[in-house]
Structure formats: structure tokens, C-alpha cells
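Notes follow once the structure below has been shown.
The values are calculated or read from the model by the stated rules, or taken from the named source; none is laboratory data. Because the structure is predicted, anything quoted here is derived from the model rather than measured. Backbone-built Cβ (ideal geometry, glycine too); neighbour counts: all protein chains shown.
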Amino acid sequence: MKKLLTVFVVLALAVPASADFSKVGSAGAQFLKIGVGSRYQAMGEAGVATTNDAYAMYWNPAGLASVEASTVSFTSVDWFLDVGLNYFGYARNFEDVGVFGVSATILSMGDVEITTFEEQTGTGDFYSASSYALGLSFARQLTNKFAFGTTVKYVGERIANLKSSSVAFDFGTQLETGFRSLKLGMSISNMGTDMSFKGSDLDVNYDGLGGTGSNAAVGAQLKTTPYDLPMMFRMGMSYVVPVGQKSNFTLAGDVRHPNDNYQQMSLGVEFDYNEQFFLRAGQKFNYQEEGLSFGGGLSTKISDATKLMVDYAWQDFGRLGSVQRFSVGFGF
């Protein structure tokens, strides 16, 4: 455990240092930065220490260790300009081994008409674009207070006839400090190889003499510039404050160090009554447009062995408007 903690301390020091020289907006695969799970969105994305369900595979894979049996979750996000993002996660606890999980994140959009300089109103032909990430996760309680988790995922993007792909890893920890209900969490996401587009749309006929020679043009392919994945380091804490016999306030805060932006922070709060009804709110700091968020949830038994969780989140995006998210999950 000491070695794992040492690794994360080194990462905590290294990533913030690189953030000072980060090239804002330089990383690709930006869909990986769209959070999932309406609970965490409503709390301003303060999820690294609070996550304890199938969405832990996104926020902090160590949170999977809190899954007692099996859980499955689905989130639908209505993004901007008719872009949609859907997330599916399933996790199962194998006694004395750990918790395994699989996840899929898919971003899609409608067909877009192709325009050219000559035909600026449209050619009548269309193209589409999509992005996806398929993940396999594992988490385990290494001690009664310390959990570790990891995810390996295949990331892909497509636009028209061009494709790019990468393999990435996430790592995370959660620690019960022993001071009342204080919990600490750390994670690093999207550590992987560069991505680069390839495909038939890059094929061209090349004539180095510009048609002045006697040789015919030869087949060639345009070269694309590789781009980084949006690596993210998160560290945060959560603290549960009892309010009466059946209610609790959960306070949470995260600090983030992305490799393509400045350091960011978020604060969130959750009120629950009888672990059945939930109200949530959050605030993000040092974001260009994102800010206030709020939402609610319901957790209820639909059978002796099955629990249904329904969550909703609304988030303000300033000049861009707002985004709504819905999540449904089952524990069994």
C-alpha cells in the first residue's frame, strides 16, 4: 500500500507542474471529459471520493470496491447541437477476489451535409461522426480502509471515413481516514497512447511538378498530426454529517489537474432522507462556462432483492445554455 501511495503522490506533484505549461484545448477525444452519472453531475462533479457505484469506472475505479453484490447503471446526456452521449456500466462483486466491471461510453450525432468552397450550401452528400470508449475495471479493498482500482479501455473516434484509436488506463484510490466520516480519493484518468486519424479520406493524387512534367500523378496519403488524450488527475474528499436519525448531509470537494486546461475545482452537497430521497447541488470554479448545478434522486426497492435508483441533474453552461441528464440504475 505504501508503494501505491508513493506513486500517487508523485503523480500529484508531476501533473500540476505540467498543467502550468499545458496547451489549452490541445488534447483530443474530448468526449472523455463529459461526466456520467446524474448524482455526480448534480454535485458539481465532486465525485472522486464519493463514488461508490457503477459510475466509479468513470470518476475513480477504486469506488467499485463499495459494490456489495451487483449493480447496473445507464445515463443519457442531451449535449449541445443534437449531440448525445450514452453510458452503460455493470459491476459485480466476486467474494474474496474483488469487484469487476465493464463500461461503454458512446457519443453520437446526426448526419451532417458536406459543404465545399464551390457548394457552400451543401453538396447533397452527408457524413457522420462518433466516439466511444469500452472499459474493463477491477477494484479491491486492500485493507478495511484502503481501496484501489484500475480500468483499461479502448478509445475510438470516427469522422466520415477517418478513424483513430488508443488504449488508455485509469487508476484510483479511496482512503477512510479514521477521522469520523472523512474519506479521501485520488484518481488519474486517460493515461494512454496518442491518437491519429487514418483512412481513405486522406488518399490523394500527388504531382510534385504541378502538371508541368510528363509523369502521371502518383497515389499518396496525407499525414495527420497525432493528438493527446485528455489526461486528468483528480483528488478530493467527502464528509458525511448526520442530521437527525434518518437524514445526512454529504459534503464533497474535488481539485482537478487536466493536461489541456488550467487547474479546476468543484464543491458539492447531497442531502438524503432515509437513504431514499435525495437533493443535490454543486458549483464549479475556473471553468469558462460551467458553473451551478442541482438535481435530485430516488432510491426504492422494487423487490426483496432489487433496488431501483433514478437520478436527474441540471447544469448551467452560461452562454451555451444548460444541459440535463437522466440516470437509471439497479442494484441486485
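Things worth noting here:
- Where Arg39 falls short, out of the listed (1) surrounded by fewer than 24 Cβ atoms within 10 Å (Cβ to Cβ); (2) under 23 Å from Leu107 (Cα atoms): (1)
- Members of region 51-83 that are in a loop (DSSP other than H, G, I, E, B), surrounded by 24 or more Cβ atoms within 10 Å (Cβ to Cβ) and more than 15 Å from the chain's Cα centre (by Cα): none
- In region 286-299, the residues that are surrounded by fewer than 19 Cβ atoms within 10 Å (Cβ to Cβ) and at pLDDT below 95: Asn286, Tyr287, Gln288, Glu289, Gly291
Residue by residue, here is whether (1) in contact with an Asp or Glu (Cβ under 6 Å, 6 or more places away or on another chain); (2) closer than 28 Å to Trp79 by Cα holds:
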residue	(1), (2)
Met232	no, yes
Val243	no, no
Asn259	no, yes
Gln263	no, yes
Arg280	yes, yes
Leu292	yes, yes
Leu298	no, yes
Ile302	no, no
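- Residues in region 99-129 that are among the aliphatic types (A, V, I, L, M) and either at pLDDT 90 or above or over 29 Å from the mean Cα position of the chain (by Cα) (or both) were compared, and the one that is surrounded by the fewest Cβ atoms within 10 Å (Cβ to Cβ) is Ile114.
- Strands (runs of 3 or more DSSP E) contained entirely in region 161-243, each with at least 2 residues that are β-branched (Val, Ile, Thr): 162-176, 232-243
- All of Ala139, Ala168 fail the test of being touching a helix residue (DSSP H, G or I) at 6+ places or on another chain (Cβ under 6 Å), of a type in the set (A, V, I, L, M) and either farther than 19 Å from Thr51 by Cα or surrounded by 20 or more Cβ atoms within 10 Å (Cβ to Cβ) (or both), apart from Ala139.
- Per-region count, region 216-235, residues surrounded by fewer than 21 Cβ atoms within 10 Å (Cβ to Cβ) and aromatic (Phe, Trp, Tyr): 1
- So Met265, is it hydrophobic (A, V, I, L, M, F, W, C), assigned to a strand (DSSP E or B) and touching a helix residue (DSSP H, G or I) at 6+ places or on another chain (Cβ under 7 Å): no
- Meets criteria (among the hydrophobic types (A, V, I, L, M, F, W, C) and under 17 Å from the mean Cα position of the chain (by Cα)) for Ala139: no
- Residue identified as of a type in the set (Val, Ile, Thr), modelled with pLDDT of 95 or more and over 19 Å from Ala46 (Cα atoms) among Val243, Val328: Val328
- Identity of the residue in region 12-38, at pLDDT 90 or above and of a type outside the set (A, V, I, L, M, F, W, C), that ends up farthest from Thr75 (Cα to Cα): Gln30
- Residue match in region 18-29 (condition: assigned to a loop (DSSP other than H, G, I, E, B) and free of Cβ contacts under 8 Å to residues at least 60 places away in the same chain): yes
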